[in-house]
Amino acid sequence: MNGFDEHFKMKEEDAVRFIREKTDFFEEHARLGCREIGDGNINYVFRITDEDSGKSVIIKHGDKVSRTGGSQVSTDRNRIEAEILKMEGELAPGFVPQVYLYDPVMSCLVMEDLKDYENMRYELIRHRSFPGFAEHITTFMAETLLGTTDVILDAGEKKELAGRFINRDLCRVTERLVYTEPYRNLEGRNVLIPENQEFLEEMLYGDPALHLEAAKLKEAFKNKAQALLHGDLHTGSIFVKQGSTKVLDPEFAFYGPIGYDVGNVMANLIFAWANGEVTMEKGPERESFLGWLEETIEDVLDLFARKAKAVIEERHREPMADAAGFADWYVKDILEDTAGVAGLELNRRIVGSAKVKDVAGIEDRLKRTLAERICVLTAKELILHRKERFFRGADYVRVIKENGEKMRKEAGIL
């Protein structure tokens, strides 16, 4: 029988042994059941439950290769995640699950089971609304992102944190999948549906101006060590229930541009909007859901900008941040990055191998084609005009609605 003094890929029975040996979370003779519930690309996730009391806990376990694709990845990612969740819990209490244990040998993170919550991506695909979400996610981002900048922290403390959270392997994944392959397809891994192949190749592969802007954004991602990012802040990493939001899965965390996290949130709300736009029948349910999403898209950008500015003005430790106009300049720079990253995320999830179910799960091929085109047309405007147009949430809503109307007209389904 394998012990836990040397790393190996765990199975369900190993996870049960691990929780018994490494924690006192359950009673000694509790009848424990275990199920592997992960659906991500990298880690294994085990839910362990006391079959009598219903008490449960989550183990997130990292192997030395990804669970999909088999590429080599550092097991240090789960150490990063454990430390980030603890930091985020201090900076923004109530918005992340509690961490009970991290085991560096087995790359195991033991944490609170959010079994009363649902994965936000799947809830949005079911066209369910969460009225408090914009308020929650903008508080989380403003506190955790601005709170780790050297505007707020001592400059030496920030540099020490940046060194501790160098995330070489997963940053390399992001640089390839988000910033390069959607425009060059260097390794031939992009997946384009036949109905959209010519359109997408022309829009993404054949646009030198777009390539230049993507290259500029890639340089910012690699070199702009602004704040400690979540690094993968999409709706699949957010769990929700009415009145509460929890953020998970920060294994991609590193020091980078704040707009990377904010842009990912914006893009994933747009995926949900595109899904509703093309799949929902006209009527009150459609109007309610799309109306809530449009309001949420506006509020996420606008509330974040307002909260970020307040954090800078009220809590800065950098003496030069007192300069008139500094906070406005700082937030404007974040919003430029936000628009660019939102566009990059929209593009990569449409043409890349790591797709989102909001769009790739649309079974009707015409409707999926339309959703993809809405996303890519919006993405190009966000990237190419990020320094001119996209400083209010309403600017995003205007563009998605224009592109939605355009696509429905072209398809003759208005």
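Within region 78-93, can you find the residues that are in contact (Cβ under 8 Å) with a residue 40 or more places away in the chain and surrounded by fewer than 21 Cβ atoms within 10 Å (Cβ to Cβ)? Result: Glu83, Met87, Leu91, Ala92. When Asp249, Asp299 are screened for being under 11 Å from the mean Cα position of the chain (by Cα), touching a residue at least 40 places away in the same chain (Cβ under 8 Å) and open to solvent by 30 Å² or more (accessible area, probe 1.4 Å), only Asp249 passes.
Being touching a residue at least 40 places away in the same chain (Cβ under 8 Å) and crowded, with 21+ Cβ neighbours inside 10 Å is a description that does not apply to Ile166. Looking across Ile312, Ile297, Ile350, one residue alone is closer than 21 Å to Thr369 by Cα and either among the β-branched types (Val, Ile, Thr) or in contact with a His (Cβ under 6 Å, 6 or more places away or on another chain) (or both). It is Ile350.
Exactly one of these conditions fails for Glu405: (1) assigned to a helix (DSSP H, G or I); (2) within 13 Å of Ala274 (Cβ to Cβ); (3) open to solvent by less than 60 Å² (accessible area, probe 1.4 Å); (4) of a type outside the set (Gly, Ala, Ser). Give me its number. Exception for Glu405: condition (3). With respect to Phe199, determine if the residue is surrounded by fewer than 18 Cβ atoms within 10 Å (Cβ to Cβ), in a helix (DSSP H, G or I), in contact (Cβ under 8 Å) with a residue 60 or more places away in the chain and in contact with a helix residue (DSSP H, G or I) (Cβ under 7 Å, 6 or more places away or on another chain). So Phe199 fits the description; yes. Of the residues examined, Val331 is one that is of a type in the set (A, V, I, L, M), free of Cβ contacts under 8 Å to residues at least 60 places away in the same chain, open to solvent by less than 50 Å² (accessible area, probe 1.4 Å) and closer than 23 Å to Lys216 by Cβ.
Number of residues in region 25-54 that are under 24 Å from Asn78 (Cα atoms), assigned to a loop (DSSP other than H, G, I, E, B) and either modelled with pLDDT of 95 or more or touching a His at 6+ places or on another chain (Cβ under 6 Å) (or both) equals 2.
Being open to solvent by less than 70 Å² (accessible area, probe 1.4 Å), over 25 Å from Ala272 (Cβ atoms) and hydroxyl-bearing (Ser, Thr, Tyr) is the requirement here; does Tyr117 meet it? Spelling it out, it is not the case that Tyr117 is open to solvent by less than 70 Å² (accessible area, probe 1.4 Å), over 25 Å from Ala272 (Cβ atoms) and hydroxyl-bearing (Ser, Thr, Tyr). Within region 61-72, the set of residues being open to solvent by 10 Å² or more (accessible area, probe 1.4 Å) and either among the charged types (D, E, K, R) or over 19 Å from the mean Cα position of the chain (by Cα) (or both) comprises Asp63, Lys64, Val65, Arg67, Gly69, Gly70, Ser71, Gln72.
Just to check your reading of the model, which residue among Tyr179, Tyr100, Tyr122 is among the hydroxyl-bearing types (Ser, Thr, Tyr), over 19 Å from the mean Cα position of the chain (by Cα) and modelled with pLDDT of 95 or more? Just a single option satisfies the conditions, and that option is Tyr100.
Going by what's in this entry, would Arg349 be described as under 24 Å from the mean Cα position of the chain (by Cα) and surrounded by 23 or more Cβ atoms within 10 Å (Cβ to Cβ)? Criteria met by Arg349.
The values are calculated or read from the model by the stated rules, or taken from the named source; none is laboratory data. Computed from a predicted structure; not experimentally measured. Neighbour counts are summed over all protein chains in view; Cβ atoms, including those assigned to glycine, are modelled from backbone coordinates with ideal geometry. Remember, those area values only see protein heavy atoms, side chains included, never the ligands or the DNA or RNA. Shrake-Rupley method; radii C 1.70, N 1.55, O 1.52, S 1.80 Å.
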